[in-house]
Amino acid sequence: MAMWMDQLARGWLLYQLTSSPLQLGLLQGLQALPVLLLSPVAGAAADRFDRKLQMLVAPALDGLTQAAVALLILTDHIEPWHVYASAFVSSTVSTFHNPARTAMISDAVPRQHLSNAIALTSVSFNVSRSVGPAVAGVLIALYGTQGAYLAQAGLCGLAALVTIPLPDALRFSAGPGAHHARSRSFGRNILEGWRFSWSDQTVRASLLIVTSASLFIMPFTSMLPVFARDLLQVGASGQGVLLTAMGIGAFASSIFVASIGDRLPRGILMLGGVTLYGLAVLAFAASPWFPLSVALMVIVGVFHVSSYTLTQVVVQSYTPAELRGRTMGILQQVYVVQLSGGMLMGALAAVAGAPFAVAAMAVAGALAMIAIALTVPAARRIR
């Protein structure tokens, strides 16, 4: 909830302070740095150290950061560099939180239920995606951005508290080779994770699909403040409705993925779904009417799951338990491409306008999926 509220509140706050689409893209780029530089370390840490402790400390630090931003807004001392600095801190703690959390999910369920478990996790994720932005938009409309940041701080504190009852059996990797990871150096652990991810054809093909989607299509959300304020003229609450609509679509799609389990070919679903994802974003970029934009965001959310949830399912399904933290770190590092794509989209929007930037990159993403389907047979064969 706090993460999805922050996606709206941080972009809206920076756009209020600067009115610059370019700075929205730069914000995405800054958030990419910890993910790019620290994800391999975070993945190795998830396989070596206490995952529960990492999941406890990360949201606590994030909550303190959000509270500090709220205080700066309340005292009228907030400046753009504060937004950038807090974004960097939040991105850093999230970088360490995610591999530990996702690897723990895989150890908590039997292998035959892994697909359903990850999809159900995506359901809860997308419920938050549906509710969080709407709550943030309402709080900003009623109390200003400080209201959203205070709520985010409280939710981060709650996330730390609910981590405490997690069973001690899940603190460390359950894989048969887990003790080797704890006895080796960080560098050797990181190299081992990269070696596996490159050598396994299924994992490599999945990473290629999500990298392309992350570069060309997913960054369109960084331009939503421009669409909400300047093009559709619906304000922060309207942006919240757009993100909520996307969350509703993703929620419905996650339910579908959870129900099918292993019965449908995941490679075809990923390739076809991401292609349609790009086309749906293209239609959103061309929409001049808010109700139509909301409907299109529901469709965007439906196909977004094909590049997010299904990739997680495939990578975790094909990775040995003792390497899962490291592959999740690599998968997280791939998503840094989304933030880099946000910088590219921001620069293109500054020159040609946000609608053109979003549309052009969405088309490029759809074409990339077609190219992968034609040139990488392993991607089509993923089950």
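What follows draws every value from the coordinates through simple rules; no lab data is involved. Note that the coordinates shown come from a computational prediction; the quantities given were computed from them, not determined experimentally. Cβ: placed from backbone, ideal geometry, glycine included. Neighbour counts: every protein chain shown.
Using 0.36 nm times the number of residues separating Leu166 and Phe256, minus their current alpha carbon distance, what extension gain do you get? Present the calculation step by step, with values, prior to reporting the outcome.
On the way: separation 90, 0.36 × 90 = 32.40 nm, distance 2.78 nm.
Length difference between fully extended and current span is 29.6 nm.
Picking from Pro291, Pro320, Pro40, which is most flexible by a Gaussian network model of the chain using Cα springs under 10 Å?
Pro291
At q = 0.09, 0.12, 0.23 Å⁻¹, what is the base-10 log of I(q)/I(0) for segment 23-149 according to the Debye formula with one equal point scatterer per Cα and no solvent? Please give it to two decimals.
-0.33, -0.58, -1.37
Which whole-number percent of Cα pairs in segment 255-383 have a distance greater than 17 Å? Provide the component values of the computation, followed by the final result.
Numbers: 5361 of 8256 pairs.
Percentage above 17 Å: 65.
Distances over 20 Å make up what percent of all Cα-Cα pairs in segment 92-235? Walk me through the intermediate numbers first.
Values: 6982 of 10296 pairs.
More than 20 Å apart: 68 percent of the Cα pairs in segment 92-235.
I need the per residue convex hull volume for segment 1-94, using only the alpha carbons, in cubic angstrom as a whole number. Write out the running numbers ahead of the final one.
Details: hull volume 8.2 nm³, N = 94.
Per residue, the Cα convex hull of segment 1-94 comes to 87 Å³.
Along the principal axes of its C-alpha atoms, what lengths does segment 230-312 span, in descending order and rounded to whole Å?
43, 20, 17
Among Ala153, Ala85, Ala245, which one shows the highest mean-square fluctuation when the chain is modelled as a Gaussian network with alpha-carbon springs under 10 Å?
Greatest mean-square fluctuation among the candidates belongs to Ala85.
Please give the net charge around Val57, taking every other residue with its beta carbon less than 13 angstrom from that of Val57, where Lys and Arg add +1 and Asp and Glu add -1.
On the way: positive: Arg51, Lys52, Arg101; negative: Asp50, Asp62.
Here the count lands on +1.
Could you list Val210, Val135 so that the one with the fewest beta carbons within 10 Å of its beta carbon is first and the one with the most is last?
Numbers: Val210 25, Val135 21.
The order, fewest Cβ neighbours first, is Val135, Val210.
Based only on other Cβ atoms within 10 Å, what is the fewest-to-most ordering of Asp47, Asp62? Could you put the intermediate results ahead of the total?
Details: Asp47 31, Asp62 28.
By the 10 Å Cβ count, ascending: Asp62, Asp47.
With the crude spin-label approximation of a point 7 Å out along Cα→Cβ, what separation in nm comes out for Ala295 versus Ser19?
Label-label distance for Ala295 and Ser19, simple model: 3.4 nm.
For labels at Arg383 and Ala286 in the simple 7 Å Cα→Cβ model, what's the distance in nm?
Rounded to a tenth, the inter-label distance reads 4.0 nm.
Segment 211-272: which trypsin sites (Lys or Arg not before Pro) are DSSP loop and have at most 11 other beta-carbon atoms within 10 angstrom?
Values: sites: Arg229, Arg263, Arg266; in loops: Arg263.
Passing both the DSSP loop test and the Cβ count: Arg263.
Once all Cα-Cα distances of the chain are split into 10 Å bins that start at 0, what whole-number percent is in each one?
5, 24, 35, 26, 9, 1
What is the fewest-to-most order of Asp230, Asp76 by other Cβ atoms lying within 10 Å of their Cβ?
Neighbour counts put them in this order, fewest first: Asp76, Asp230.
Could you give the length gained on full extension between Ala371 and Ala347, defined as 0.36 nm per residue of separation minus the Cα-Cα distance, in nm?
On the way: separation 24, 0.36 × 24 = 8.64 nm, distance 2.57 nm.
The span from Ala371 to Ala347 would gain 6.1 nm if fully extended.
Where the centre of each part is set by its Cα atoms, how far does segment 81-123 sit from segment 190-209, in angstrom?
Rounded to whole Å, the Cα centres lie 19 Å apart.
When the Kirkwood hydrodynamic radius is evaluated over all pairs of different C-alpha atoms of segment 200-251, what value in angstrom, to one decimal, is obtained? Show your work: numbers first, answer last.
On the way: mean 1/r = 0.0782 Å⁻¹.
One over the average 1/r among Cα pairs gives 12.8 Å for segment 200-251.
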